[in-house]
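Structure, as structure tokens:
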Amino acid sequence: MEYFDTIKKHDYEQISIIQNQKAKLFAIDVIHDTTRGPAVGGTRFMKYPNEEEAVRDALKLSRGMTYKSAAAGLDCGGGKTVIMELDGMDRTLALKTLGRYIEHLQGRRYTGRDLGIFHRRY
């Protein structure tokens, strides 16, 4: 797969697949670089034609966050999470699963809302 060349060329630190079959969750979390500090970047929730496109998007967006953070003079690196929106998905369970994954990184990665993530008042 050609994205392995991209991973080597641009020195990505970590790529994780997070899934939960009950929630119909398939997500990719990418930490591009933490040289300047923890990886920051939002969580995107959208339809992708296939898993490869989702991985490609996460790689591109996380690298962009590294450059954005550096250009802004922030003491952080770049990361990004993409969640593939699937029919019948349990969004609540999917986001809880993803939250547990982000927590286990113990401050190495921070995320927030991005495309497709909205705030609900309960």
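The values are calculated or read from the model by the stated rules, or taken from the named source; none is laboratory data. Since this is a predicted model, take the numbers as computed values, not measurements. Methodologically, a virtual Cβ is constructed for each residue, glycine included, from the backbone with ideal geometry; neighbour enumeration extends over all protein chains shown. SASA here: full protein model, heavy atoms, side chains in, ligands and nucleic acids out. Shrake-Rupley method; radii C 1.70, N 1.55, O 1.52, S 1.80 Å.
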Most fluctuating residue given options ARG109, ARG63, ARG36, as computed from a GNM of the chain linking Cα atoms under 10 Å: ARG36
In cubic angstrom per residue, the convex hull of the chain built on its Cα atoms measures 109
With respect to the cross-link table entries LYS24/LYS47; LYS8/LYS47; LYS8/LYS68; LYS22/LYS47; LYS22/LYS60; LYS8/LYS96, which display a Cα-Cα separation exceeding 24 Å? LYS8/LYS47; LYS22/LYS60; LYS8/LYS96
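Beyond 16 Å, how much of the Cα-Cα pair distribution for region 60-122 remains, as a whole percent?
Roughly 56 percent, rounded to a whole number.
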Do any chymotrypsin sites (Phe, Trp or Tyr not before Pro) in region 87-118 lie in a DSSP loop with no more than 15 other beta carbon atoms within 10 Å, and if so, which? PHE118
If you line up the long axis of helix 51-71 against the longest principal axis of the chain, both from Cα atoms, how many degrees apart are they, to the nearest 10? 40
Indicate, rounded to the nearest 5 percent, the antiparallel portion of the DSSP beta bridges found entirely in the chain. 60
Residue (of ASN20, GLY112, LEU86) at the positive-pole extreme of the chain, dipole from beta-carbon charges: GLY112
When the accessible area of region 30-70 is computed with all protein chains present and a 1.4 Å probe, what percentage of it is carbon and sulfur? 54
By how many nm would the segment from LYS22 to LYS9 grow when fully extended, if each residue of separation counts as 0.36 nm and the alpha-carbon distance is taken off? 1.1 nm
How big is the gap, in Å, between the Cα center of region 39-84 and the Cα center of region 93-115? 13
